[in-house]
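Here's the structure we're looking at; comments come further down.
Since every read-out is calculated from the coordinates, none of them should be taken as a lab result. Since the model is a prediction, treat every value here as computed from it, not as a measurement. For neighbour counting, all protein chains shown are included, and Cβ atoms are generated from backbone atoms with ideal geometry for every residue, glycine included.
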């Protein structure tokens, strides 16, 4: 492992020991609920960027999707930028700076959904809101000019959006490019749990117990379609554009890489899955060292080529 990779992993393990991650459904739900209840949406004020608050409606609610672009600029492409949080935590406001930073490198308009977390309702509502956000992007841009970029759960949502379109026969043209950084997946059976067990003690950020605990919180007590929880095994990825998936070798969610690969192969999808040696969860969200810069710059290049 390269020295810079070791430094990054060492820093994450220090955070782990100072603030151990929660592992049980009850602990996670209570902590997330308290956090989420404090979140307030506000349109940012920034002289360099222009913001519009787009209302996105589902059958059960109305939500915010922030449109962001450079001021006095008319970009020809759009990015649906989906933040992470396991679908359980509302980190939309906290991760907004990552989307804004991307506009320094990509000539595009960003649509940034402030989706409802699963502490408010089941993950079905979350996925529907994100799908309807994509529908709103389609009202403004051709699918060949649309890219989706999802971080962690956002990556899961980017993949599940394809399944939603197929399962509910929405027949929307899917985006030309879907990029998922560390997309999640809850083990569907004992064989997949064995794949996950290999990562015990490897990931300082997401212990293996947390993955199934998040899946339980996401259900919200409902009986959901399997592809909403076991997203890789039961996902239907037909009719998609190009799909790019990135994992770090030192993250527990990397257990899902071969599972996604099998499903993408069955779907006949155009895809590539990359596992970066020695790197953690969502390593490609910024330009920190050589490994992160290489992936970040690759993502920027693909988006600018839309």
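In what sequence, highest mean first, do 59-67, 246-254 appear when ranked by Cβ atoms within 10 angstrom?
Sorting 59-67, 246-254 by mean packing, highest first, produces 246-254, 59-67.
Kindly put 182, 263 in sequence by how many other C-beta atoms sit within 10 Å of each C-beta, fewest to most. Each step should come with its number before you reach the end.
Working: 182 30, 263 23.
Final ranking by Cβ density, sparse to dense: 263, 182.
By its C-alpha gyration tensor, with a ≥ b ≥ c as the square roots of the eigenvalues, how is segment 144-185 shaped: rounded for a/c under 1.5, else prolate for a/b larger than b/c, else oblate?
Values: a/c = 3.69, a/b = 1.30, b/c = 2.84.
It comes out oblate by the Cα gyration axes.
Divide by every residue of the chain the summed helix terms, -39500 (n - 2.57) for each DSSP H run of at least 4, and state the resulting mean residue ellipticity at 222 nm, rounded to the nearest 500 deg cm²/dmol.
Helix-only estimate at 222 nm: -12000 deg cm²/dmol.
Any chance you could list the semi-axes, whole Å, largest first, of the equivalent ellipsoid that the Cα gyration tensor gives for segment 82-236, using √(5λ)? Numbers along the way, then the final one.
Numbers: eigenvalues 132, 67, 43 Å².
For segment 82-236, the ellipsoid semi-axes come out as 26, 18, 15 Å.
Output the peptides 214-220, 293-299 sorted from most to least packed, where packing is the average of other Cβ atoms within 10 Å over each peptide's residues. Intermediate results must be reported in sequence, preceding the final value.
Details: 214-220: 21.9, 293-299: 17.0.
Output ranking for 214-220, 293-299: 214-220, 293-299.
Sorted from fewest to most neighbouring beta carbons within 10 Å, what does the list 264, 151 look like? Walk me through the numbers before you get to the answer.
Working: 264 22, 151 27.
By the 10 Å Cβ count, ascending, the order reads 264, 151.
Find the Cα radius of gyration of segment 129-221, compare it with 2.2 N^0.38 Å by division, and give the number to two decimals.
1.28
What's the center-to-center distance, using Cα atoms, between segment 172-225 and segment 131-164 in Å?
19
Go ahead and run the numbers for FRET between residue 169 and residue 242, Cβ-Cβ distance against an R0 of 25 Å, rounding to 0.05.
0.65
Could you check the simple spin-label distance between residue 14 and residue 50, using points 7 Å along Cα→Cβ, in nm with one decimal?
4.3
State the extension gain, in nm to one decimal, for the chain segment bounded by residue 41 and residue 198, taking 0.36 nm per residue of separation less the distance between their alpha-carbons.
52.5 nm
Have a look at segment 1-144 and give its Rg and Dmax from the Cα atoms, expressed in angstrom.
Just the Cα atoms of segment 1-144 yield Rg and Dmax of 17.5, 51 Å.
Which of (i) 49, 46, 43; (ii) 136, 38, 27; (iii) 103, 40, 33 is the computed Cα extents along the principal axes in Å for the structure on display?
After the calculation, the listed value that fits is (i).
Of 197, 209, 223, which has the largest mean-square fluctuation in a 10 Å C-alpha GNM of the chain?
Sorting by GNM fluctuation, first place goes to 223.
Taking every alpha carbon pair in segment 247-295, what does the distance histogram look like in 10 angstrom bins from 0, in percent?
Calculated over all Cα pairs of segment 247-295, the distribution is 26, 45, 26, 3 percent.
Per residue and in Å³, how big is the convex hull formed by the alpha-carbon atoms of segment 15-89?
168
Please report, in whole Å, how far the alpha carbons of segment 190-273 spread along each principal axis, starting with the longest.
Computed over the Cα atoms, the extents are 35, 33, 21 Å.
Across 5 Å bins from 0, what is the distribution of all Cα-Cα pair distances for segment 88-169, in whole percents?
Each 5 Å bin holds this share of Cα pairs: 3, 12, 25, 26, 21, 9, 4, 0.
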